[in-house]
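**Student:** Okay, here's the structure, questions in a sec.
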Amino acid sequence: QVQLVESGGGLVQAGGSLRLSCTASGIIFSINAMGWYRQAPGKQRELVATITSGSSTNYADSVKGRFTISRDNAKNTVFLQMNSLKPEDTAVYHCNFRVTTRQTMGLTTGSYWGQGTQVTVSS
């Protein structure tokens, strides 16, 4: 089984910065896409940023120019550097990995989620 553990959330004033990280552990053959999603109270979960195994990135329009996603393949870790934070960035942030694992019957690819880390931006 694969587990994702996030860290780096917290309380910050508007204009401040935070850096989130998410590390996968388990019997991992390879990690394909990695991404960050967020869910604010009363709203649906939305995509924040993704990064492919080839390090191509994609961002939500609302965070372009402020957030940067990166990955360390050797450590099975994805990062989200968040600058110029706004109150509307307040949400629970979840990481998501597409992971290929070696099972008895061969290779299997699945989607795994972290438990979420709270980011609160005060005005």
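The values are calculated or read from the model by the stated rules, or taken from the named source; none is laboratory data. Since we're looking at a predicted model, the values are computed, not measured. Don't worry about glycine lacking a Cβ; one is built from the backbone with ideal geometry, like all the others, and counts go over all protein chains shown. Areas reflect the complete protein model, heavy atoms only, side chains present, ligands, DNA and RNA absent. Shrake-Rupley method; radii C 1.70, N 1.55, O 1.52, S 1.80 Å.
**Student:** Determine the dipole magnitude for the chain: charges of +1 sit on the beta-carbon of Lys and Arg, -1 on that of Asp and Glu, nothing else is charged, the reference point is the Cα centre, and the result goes in debye to the nearest 20. It would help to have the intermediate numbers written out before the result.
**Tutor:** Details: 11 positive and 6 negative charges, 25 e Å.
In debye, rounded to 20, the chain gives about 120.
**Student:** Tell me, what % of the accessible area of region 30-95 is carbon and sulfur with a 1.4 angstrom probe? Could the numbers behind the result be given before it?
**Tutor:** Numbers: 1510 of 3260 Å².
The value for region 30-95 is 46 percent carbon and sulfur by accessible area.
**Student:** So, for the chain, what is the accessible surface per residue at a probe of 1.4 Å, expressed in square angstrom?
**Tutor:** Details: 6570 Å² over 123 residues.
The answer is 53 Å² per residue.
**Student:** Compute the Kirkwood hydrodynamic radius of region 72-116, taking the inverse of the mean of 1/r over all pairs of distinct Cα atoms, and give it in Å to one decimal. The partial results should precede the final answer.
**Tutor:** Numbers: mean 1/r = 0.0754 Å⁻¹.
About 13.3 Å for region 72-116.
**Student:** Given that compact globular proteins tend to follow 2.2 N^0.38 Å, what is the ratio of the alpha-carbon Rg of the chain to that value?
**Tutor:** Working: Rg = 14.6 Å, N = 123, 2.2 N^0.38 = 13.7 Å.
Against the compact-globule rule of thumb, the ratio is 1.07.
**Student:** Name all residues of region 26-57 having a backbone nitrogen under 18 Å from the label point set 7 Å from the Cα of Gln81 along its Cα→Cβ direction, giving them as ranges.
**Tutor:** What the label zone holds, given the 18 Å backbone N cut-off, is 35-36, 49-52, 55-57.
**Student:** Relative to the present Cα-Cα distance, how much length would full extension add between Glu88 and Ser122 at 0.36 nm per residue of separation? All intermediate terms of the calculation are to be shown ahead of the outcome.
**Tutor:** On the way: separation 34, 0.36 × 34 = 12.24 nm, distance 0.93 nm.
Full extension of this stretch gives 11.3 nm more.
**Student:** How big, in percent, is the set of alpha carbon pairs in region 42-109 lying more than 16 Å apart?
**Tutor:** Details: 1277 of 2278 pairs.
I get 56 percent for the Cα pairs in region 42-109 exceeding 16 Å.
**Student:** Name the residue from Gln1, Leu80, Gly42 whose Cα lies farthest towards the positive end of the charge dipole of the chain, charges +1 on Cβ of Lys and Arg and -1 on Cβ of Asp and Glu.
**Tutor:** Result: Gln1, furthest along the dipole toward the positive end.
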